[in-house]
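Visitor: Sharing a structure with you now.
The values are calculated or read from the model by the stated rules, or taken from the named source; none is laboratory data. The structure displayed is predicted, hence computed values, not measured ones. Using ideal geometry, Cβ is built from the backbone for each residue, glycine included, and neighbour counts are taken over all protein chains shown.
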Amino acid sequence: MNRVIFAKPDISELKKEGYHCVDMHCHSRYSDGLSKLHTIYKKCKKMGIGVALTDHNESKGAVKMMKYRDILVIPGIETTSKEGIHTLFYFYNAKELEEFCSKTVKKSLGGNPYSDLKASIIELVEAAGRYNCRICSAHPFGPWNTGIYKFSGKKDYKKLIKKIDFVEGINSSHPRESNIKAVKWGTKLGKTFTGGSDAHATMFIGKVVTATTGGKNFLDSISKESLVVGTEVNKALLALRHVLKLRMFSKFPKFYIKKIIREGLKKK
C-alpha cells in the first residue's frame, strides 16, 4: 500500500487503526528553524507523533533529539548539493548520521552552514551508500534548483534517481501544485512516498505525517507500506517562513545576494 491523502491528519483515528505517525521533515535552531529541541519534543508528544529532525547540513540537533526516548525520533539531515538539490537522508542510528555528517557534509561545506556543498548529489548519495540509511528526494518540484526533477532527464541523474528510496509526496511548505506533481512523478518511478511539514517553526509541526504499522522499524516499514496524510500551510501562515529567510539573509547577506543573482541568471 502506498497512498497519499491531501487532508488534515486525524492522528487519533490513525492510531486507532494501528498506525505510527511521523513528521518526516522538521528543522530546529541547529539550522534555520526557530524551535528548540524540547519545544519540538513537547509538540510531538502532545500530538502523539514521532519526528525526523532534518536540519540543513547539520546533525547536532538530530543526535541530541535522540535523548527523548518516549517518542519515535528518526535521526536525519537535509543536504544541499553543489547543484542546489535538497535531499533527505534518514539513518537508523545517530552514530552513522554523525559520521556521514562529519566525513562527507562538513568537509564539503562552503562559507556558511546554509551554502551549497562542494559535493554533487551523486557524490552525496554514493557516500551515503556506505551507511545503513534511506534516501529521500525532498520537494522534487521545489523552486530554483532545490528539487531534483529539473535534473532527472540527464543521463547521470537517471542512474542516481534509481538509488533514491523515497519521494516526498507532500511538503506542507510547498504549493499543492508542486506536491501533486511529486506524487505523479513518484508513482511513475514506482517510488514509495514520505511526507513532512518542512517545519521551521513549532506551529507547523505535524501538518503532514507519514504513517505505517511498523512501529520502531519505521524506515523499513515505509518501503512495504506508506500512508502520507497532510495539507499545505495557507499563504498567510506561510509568510512566516519568509521571515525566517530574512533572518538568515541578515546573517549571511553576501551569500544570499549571490544566490539570488545566480538563480535569476539561470532562469533567463
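Visitor: Could you run through segment 23-53 and say how many residues are in a loop (DSSP other than H, G, I, E, B) and free of Cβ contacts under 8 Å to residues at least 40 places away in the same chain?
Guide: 5
Visitor: Then there's this: With (1) closer than 14 Å to residue 200 by Cα; (2) crowded, with 23+ Cβ neighbours inside 10 Å; (3) not hydroxyl-bearing (Ser, Thr, Tyr) as the list, and residue 44 as the residue in question, which single condition is left unmet?
Guide: Every listed condition holds for residue 44 apart from (1).
Visitor: A further question follows. Which residues, taken from segment 160-185, are closer than 23 Å to residue 206 by Cβ, touching a strand residue (DSSP E or B) at 6+ places or on another chain (Cβ under 6 Å) and hydrophobic (A, V, I, L, M, F, W, C)?
Guide: Those that are closer than 23 Å to residue 206 by Cβ, touching a strand residue (DSSP E or B) at 6+ places or on another chain (Cβ under 6 Å) and hydrophobic (A, V, I, L, M, F, W, C): 166, 167, 170, 182, 183.
Visitor: Looking at segment 135-184, which of its residues are crowded, with 22+ Cβ neighbours inside 10 Å, touching a residue at least 40 places away in the same chain (Cβ under 8 Å) and part of a strand (DSSP E or B)?
Guide: Within segment 135-184, 136, 137, 166, 168, 169, 170, 171 meet the criteria.
Visitor: Give me the residue from segment 185-215 that is touching a Leu at 6+ places or on another chain (Cβ under 7 Å) and part of a loop (DSSP other than H, G, I, E, B) and, out of that set, surrounded by the most Cβ atoms within 10 Å (Cβ to Cβ).
Guide: Here the answer is 200.
Visitor: Quick test of your reading of the structure: residue 170 fulfils all but one of (1) in contact with a helix residue (DSSP H, G or I) (Cβ under 8 Å, 6 or more places away or on another chain); (2) more than 25 Å from residue 132 (Cβ to Cβ); (3) at pLDDT below 95. Name the failing condition by number.
Guide: Single failed check for residue 170: (3).
Visitor: All but one of (1) at pLDDT below 90; (2) under 21 Å from residue 40 (Cβ atoms); (3) assigned to a helix (DSSP H, G or I) hold for residue 261, so report the exception by its number.
Guide: (2)
Visitor: Look through segment 61-82, keep the residues that are of a type in the set (D, E, K, R) and surrounded by fewer than 20 Cβ atoms within 10 Å (Cβ to Cβ), and return whichever of them is farthest from residue 21 (Cα to Cα).
Guide: Out of the qualifying residues, it is 82.
Visitor: Of the conditions (1) over 17 Å from the mean Cα position of the chain (by Cα); (2) among the β-branched types (Val, Ile, Thr); (3) crowded, with 23+ Cβ neighbours inside 10 Å, residue 85 clears all except one; give me its number.
Guide: (1)
Visitor: Let me ask another. Considering only segment 70-96, how many residues are assigned to a strand (DSSP E or B) and of a type outside the set (Val, Ile, Thr)?
Guide: Residues in segment 70-96 being assigned to a strand (DSSP E or B) and of a type outside the set (Val, Ile, Thr): 8 in total.
Visitor: Please tell me if residue 67 is outside any loop (DSSP other than H, G, I, E, B), over 29 Å from residue 115 (Cβ atoms) and modelled with pLDDT of 95 or more.
Guide: Spelling it out, it is not the case that residue 67 is outside any loop (DSSP other than H, G, I, E, B), over 29 Å from residue 115 (Cβ atoms) and modelled with pLDDT of 95 or more.
Visitor: Something else about it: Search segment 1-22 for residues being of a type outside the set (A, V, I, L, M) and part of a helix (DSSP H, G or I), and hand back the single one that is surrounded by the most Cβ atoms within 10 Å (Cβ to Cβ). Please lay out each step first, then the result.
Guide: Of the residues in segment 1-22, the ones of a type outside the set (A, V, I, L, M) are 2-3, 6, 8-10, 12-13, 15-21.
If we keep only those that are part of a helix (DSSP H, G or I) as well, we get 12-13, 15-16.
Working: 12: 9, 13: 10, 15: 14, 16: 9.
Checked segment 1-22; the qualifying residue surrounded by the most Cβ atoms within 10 Å (Cβ to Cβ) is 15.
Visitor: Then there's this: Tell me, yes or no, whether segment 100-123 has at least one residue that is closer than 30 Å to residue 213 by Cα and in a helix (DSSP H, G or I).
Guide: Yes, because at least one residue in segment 100-123 is closer than 30 Å to residue 213 by Cα and in a helix (DSSP H, G or I).
Visitor: Sticking with this one: Can you find even one residue in segment 85-103 that is at pLDDT below 95 and either among the aromatic types (Phe, Trp, Tyr) or closer than 17 Å to residue 205 by Cα (or both)? Write out each step before concluding.
Guide: Start the filter on segment 85-103 by keeping residues that are at pLDDT below 95, which leaves none.
No, that holds for no residue.
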